[in-house]
1. For segment 17-29, just list the computed ³J(HN,Hα) in residue order, Karplus coefficients 6.51, -1.76 and 1.60, θ = phi - 60°, integers in Hz, with x standing in for Gly and Pro.
2. Can you give the charge dipole size of segment 121-288 about its Cα centre, rounded to the nearest 20 debye, using +1 on the beta carbon of Lys and Arg and -1 on the beta carbon of Asp and Glu?
3. In debye to the nearest 20, how big a dipole does the chain give about its Cα centre with +1 on each Lys and Arg Cβ and -1 on each Asp and Glu Cβ?
4. Of all DSSP beta bridges in the chain, what percent run antiparallel (nearest 5)?
5. According to the Cα gyration tensor, what semi-axes, each the square root of 5 times an eigenvalue, does the equivalent ellipsoid of segment 241-300 have, listed from largest to smallest in whole Å?
6. Using +1 at the C-beta of Lys and Arg and -1 at the C-beta of Asp and Glu, which of GLY193, ILE141, GLN270 has the Cα lying farthest in the positive direction of the dipole of the chain?
7. Scanning the chain for helices, which whole DSSP H stretches are 15 Å or more long along the axis (Cα) and average 0.0 or more by Kyte-Doolittle?
8. If each of ASN53 and GLN93 carries a label point 7 Å out from its Cα toward its Cβ, how far apart are those two points in nm?
Amino acid sequence: MIAIDLGSNSFRCIEYDCERKKFGKSFERIVKTADKMHETGVISDGAIERVVNALADADKALDFKNTTVVAVTTQAMRMARNADDALTQIQEQSGVSFNIIEADKEAYYTLIAVEARLQTLQIDSSHFVLIDVGGGSTEIIFYENGKMESKSFPIGIVTTAQICEEDRNIDSYLKEQFKDLVSYVDEYYKNRGKPSSFVATAGTPTTMAAYLLGMNYTNYDVDEINGYRLTLAGTQKSLDDLMEMSEEKRSEIVGVGRESLILAGIVIVQKLYAVLGFDEAIVIDDGVREGVAIDYCKKI
């Protein structure tokens, strides 16, 4: 089967063999689904076109025709006033039907994928906190001995970058946006204690890990990324180095479409280190798309 995750910034799909429980070829592209949504409240015609083009290229690479395709989409489509119309257009032009999933389902898919990877890497997964910083939202997921607790917050890389590029200081903007998140974490720590480990997934932490390992967007090696220990000092080095680069040079490192967003993403991740009280995170590449695949195969 093929699992597809259309996020607020990225489009990601991957092959999965249900019998062998093995992932195969994958495809990713920055499509900026949530571009300018903070101003318009709708998915733009340009974003729809980028998604359709990504689906066409993914079809060429993975061949959708001879297998089951399960496609989900998250925060941007949850928020957009024209979500139904946008998804209808995408289906008519690509043949792929997307299901809008709620935040708790998004967190569940991410968790089961990350937990499976931690077990494969033989990393203790009895009690951890997981962050998933996306284009339109940030999920905080606590996991302890088989029990999950999560909450989604409207803190996204795309919206933060675009709002702060226009007329807002990013630190003051995020301080305001983080109030509910801080309260949620404080309440969990008060009732359940601090988790033993901190795990980070999604494009910003994996991009920082890749950069610090000497990789760029074209030679990204997922096996090197999974399990990488990203220190807070490493995030600062990534931020400092990337800020000094031209956008052209930065795009070579982080991928076209991420060059104007990665800095906001790093600042958000750094603030999460501070709120959660860790100076090191375990980076995992797996996310929603892998969770969709694992869940689908369990059900069949």
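1. Running phi through 6.51 cos²θ - 1.76 cosθ + 1.60 with θ = phi - 60° gives 8, 4, 6, 8, 6, 10, 7, x, 5, 9, 8, 9, 7 Hz.
2. Numbers: 14 positive and 27 negative charges, 112 e Å.
Computed about the Cα centre, the dipole is about 540 debye.
3. Value, rounded to 20: 600 debye.
4. Working: 30 of 45 bridges.
Beta bridges within the chain, antiparallel portion: roughly 65 percent.
5. Numbers: eigenvalues 173, 76, 14 Å².
Ellipsoid semi-axes (Å, largest first): 29, 19, 8.
6. Among GLY193, ILE141, GLN270, the one farthest towards the positive end of the dipole of the chain is GLY193.
7. Values: long enough: 45-62 (25 Å, 0.18); 83-94 (16 Å, -0.88); 103-120 (26 Å, -0.16); 179-192 (20 Å, -1.34); 232-244 (19 Å, -0.36); 262-276 (21 Å, 2.13); 288-299 (16 Å, -0.32).
Correct list, ordered by number: 45-62, 262-276.
8. Spacing of the two 7 Å Cα→Cβ label points: 1.0 nm.
Every number here is computed from the coordinates shown, using simple stated rules; none is lab data. Because the structure is predicted, anything quoted here is derived from the model rather than measured. Please note: Cβ atoms are built from the backbone with ideal geometry, for glycine as well, and neighbour counts cover all protein chains shown.
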